[in-house]
Amino acid sequence: MEGFTTALITQVPNDEPLVQLVNRGHPPPLVLHEGRTQAFMPTSPLPPLGLEDLTTGPPAKPESYPFVAGHRLLLYTDGVTEARNPGNDFFPLPETIGSICSSTTPREFLEQRHQALIRQTEGHLADDVTMILVDRLDERAGMPVI
């Protein structure tokens with residue numbers, strides 16, 4: 001049994017065009033916009049929970065990143081990026097999502113990623129796989145922000 005746990009705490013305020021993150025060794029969230037993908041890498045990386053002895057700094061503080069209308073935020077577990085094909089190649093998540101049309105619904109987007117993982121592993125996922133997609137919608141279009 002491992003003596004540590006990765007964690008990602010995410011907050012998306014309704015009244016600010018940003019996302020706040022505390023990343024404790026977890027895969028970085030990806031923001032998607034107009035066919036481009038960007039990882040929200042922590043500026044001050046922190047160790048996973050249970051390995052606090054490796055750091056001497058102050059307690060973790062949230063880091064803020066832009067998250068405006070039209071952006072999509074993908075949160076995922078390491079089981080996604082560590083899914084391997086028979087040739088032992090990792091699943092190329094950032095490269096596969098840039099090509100997905102931004103007009104897909106969140107359900108369609110996630111289903112397409114799930115099917116790509118099944119193809120990658122030939123149906124044999126070896127780890128937990130979780131993906132959450134958050135769309136920042138435009139309030140002026142009469143749609144809620146989240």
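The values are calculated or read from the model by the stated rules, or taken from the named source; none is laboratory data. None of the values given here were measured: they were computed from a predicted structure. Methodologically, a virtual Cβ is constructed for each residue, glycine included, from the backbone with ideal geometry; neighbour enumeration extends over all protein chains shown.
Tally up the residues in region 71-121 that are assigned to a loop (DSSP other than H, G, I, E, B) and either of a type in the set (S, T, N, Q) or closer than 19 Å to ASP135 by Cβ (or both), please.
Initially, region 71-121 is screened for residues assigned to a loop (DSSP other than H, G, I, E, B), giving 71, 77, 82-83, 85-89, 91-92, 98-105.
Among the residues that remain, those that are also either of a type in the set (S, T, N, Q) or closer than 19 Å to ASP135 by Cβ (or both) are: 71, 77, 85, 88, 98-105.
Total satisfying the criteria: 12.
Determine, yes or no, whether THR37 is loosely packed, with under 13 Cβ neighbours inside 10 Å, polar (S, T, N, Q), modelled with pLDDT of 85 or more and touching a strand residue (DSSP E or B) at 6+ places or on another chain (Cβ under 8 Å). Spell out how you get there, then give the answer.
Values: loosely packed, with under 13 Cβ neighbours inside 10 Å: no; polar (S, T, N, Q): yes; modelled with pLDDT of 85 or more: yes; touching a strand residue (DSSP E or B) at 6+ places or on another chain (Cβ under 8 Å): yes.
In short, no.
Please specify each residue of region 14-34 satisfying the condition of being in contact with a strand residue (DSSP E or B) (Cβ under 7 Å, 6 or more places away or on another chain), assigned to a loop (DSSP other than H, G, I, E, B) and either of a type in the set (A, V, I, L, M, F, W, C) or under 11 Å from SER64 (Cα atoms) (or both).
PRO17
State which residue is surrounded by the most Cβ atoms within 10 Å (Cβ to Cβ) when the search covers only region 14-27 and only residues that are touching a Phe, Trp or Tyr at 6+ places or on another chain (Cβ under 9 Å) and over 16 Å from LYS61 (Cα atoms).
Per the stated criteria, the residue is PRO27.
Do you know which residues across region 1-38 are hydrophobic (A, V, I, L, M, F, W, C), touching a Ser or Thr at 6+ places or on another chain (Cβ under 7 Å) and farther than 18 Å from PRO106 by Cβ?
Across region 1-38, the qualifying residues are LEU18, LEU21.
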